[in-house]
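What follows is a short report on a single structure.
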Amino acid sequence: MFEKSSWIRLPRNVVVGHGVLSETTAAIDELHLHGTPLLVTSPTPNEVAGQRVADQFEDAGWGVETVVIEEASFESVQRVIDVANEVNPGYLVGVGGGKAIDIAKMASDEIGRGFVSIPTAASHDGIVSGRGSVPEEDTRHSVAAEPPLAVVADTEIIADAPWELTTAGCADIISNYTAVEDWRLAQRLQNVEFHEYAATLAEMTAEMLVDNADTIRPGLEESSWVVVKALVSSGVAMSIADSSRPASGAEHLFSHQLDRIAPGAALHGHQVGVGSIITEYLHGGDWRGIRDALATIGAPTTADELGIDAETVVEALTTAHEIRDRYTILGNGMSRAAAYEAAETTKVI
Ligand SMILES: [Zn+2]
């Protein structure tokens, strides 16, 4: 008897384009949500978008409560939960780069309400997925929550964000190549469940970005458009797989480990990009192609550019496999000699 079943949960309304922030209430109205929205944002995103969204909610007669968080931490998540317990919101709205959105999604998962994602930067694929994490002491607290009910990505606002956030988003997408290779390897060696459609979508997304790498330029709103669309389709790939596997392999383990050893050294996307050069080398693939694509976009390709030293890279490479139970090309771990060899050959160190 065939008893397999699966759920695919996707965002319902994904609105991308110039000036679409003004369509936020329309995008939410269609979802038939009830109750007061609880807006979760951080200081700068609040200035560039949060207050305008709050005004729209007021104008629509929905009312609004706002929490401004300063940092990505478990305390921030708890603060949002506390406010939510007081005001009993119908849903949460995250307005920000990665931070406020991650916190909104984690709090919404905790209190059992949906959330709407309004990214003000295209810095990583978490803006569209249900996956999020915040640092908690020397580890990270992660959730695999539902994806956002709606995504409103205004490219006019996103194009104005610091350029390095966009190159980080690009690098996060380029890392899909090695993530999918790790996923295939895990399927072959460990019988990990694999979804061909999700894997193909994730790879195709990375390919689309690499093919357009020379058109991705600071100050061009069209670049933001290309990157946001790629982040959306990466998020959809994760939703279809019901796993972060299509967009997260050993290069992400490497980055998470850097977050522990050298907190705040570089942006998530930049770290996974450099990790991807090394893990592509380990897969015996076209690591030069990945390095060239990152360089063309203006994302870091070396430890120096990440602001970390050689020893930190080697330590992260040799310990990354311990982070979580996710089989990758790192297998049971790299030796120090092998880590040096890989990082030197790829000119990361
Ligand atoms: Zn990522």
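The values are calculated or read from the model by the stated rules, or taken from the named source; none is laboratory data. This is a predicted model, so every value here is computed, not measured. Counting neighbours? That spans all protein chains shown, and the Cβs are built from the backbone with ideal geometry, glycine included.
A few notes on this one:
- Scanning segment 303-320 for residues that are surrounded by fewer than 22 Cβ atoms within 10 Å (Cβ to Cβ) and among the small types (G, A, S) yields G307, A310.
- Residues that are among the charged types (D, E, K, R) and part of a strand (DSSP E or B) were ranked within segment 100-139; the one that is surrounded by the most Cβ atoms within 10 Å (Cβ to Cβ) is R131.
- Entry remark, segment 284-302: residues being outside any helix (DSSP H, G or I), touching an Asp or Glu at 6+ places or on another chain (Cβ under 8 Å) and crowded, with 19+ Cβ neighbours inside 10 Å number 0 in total.
- Only one entry in A337, A293, A343, A316 is among the aliphatic types (A, V, I, L, M) and out of contact with any Leu (no Cβ under 9 Å at 6 or more places or on another chain), namely A337.
- Matching residues, segment 116-140, being more than 16 Å from the ligand (Cβ to nearest atom) and modelled with pLDDT under 95: E136, E137, D138, T139
- The set of residues in segment 308-322 that are assigned to a helix (DSSP H, G or I) and over 16 Å from H252 (Cα atoms) comprises A310, E311.
- Out of V77, V16, sole residue that is under 19 Å from V134 (Cα atoms) and surrounded by 17 or more Cβ atoms within 10 Å (Cβ to Cβ): V77
- Residue within segment 323-336 that is of a type in the set (G, A, S) and in a helix (DSSP H, G or I) present: no
- When we screen E181, E196, E203 for residues that are at pLDDT 90 or above, within 27 Å of D325 (Cβ to Cβ), among the acidic types (D, E) and crowded, with 22+ Cβ neighbours inside 10 Å, the only hit is E181.
- Flag for V152 being assigned to a strand (DSSP E or B) and crowded, with 19+ Cβ neighbours inside 10 Å: yes
- Number of positions in segment 1-52 that are farther than 20 Å from G97 by Cα and in a loop (DSSP other than H, G, I, E, B): 18
- Filtered residue count, segment 240-275, keeping only those that are within 14 Å of the ligand (Cβ to nearest atom) and not in a helix (DSSP H, G or I): 6
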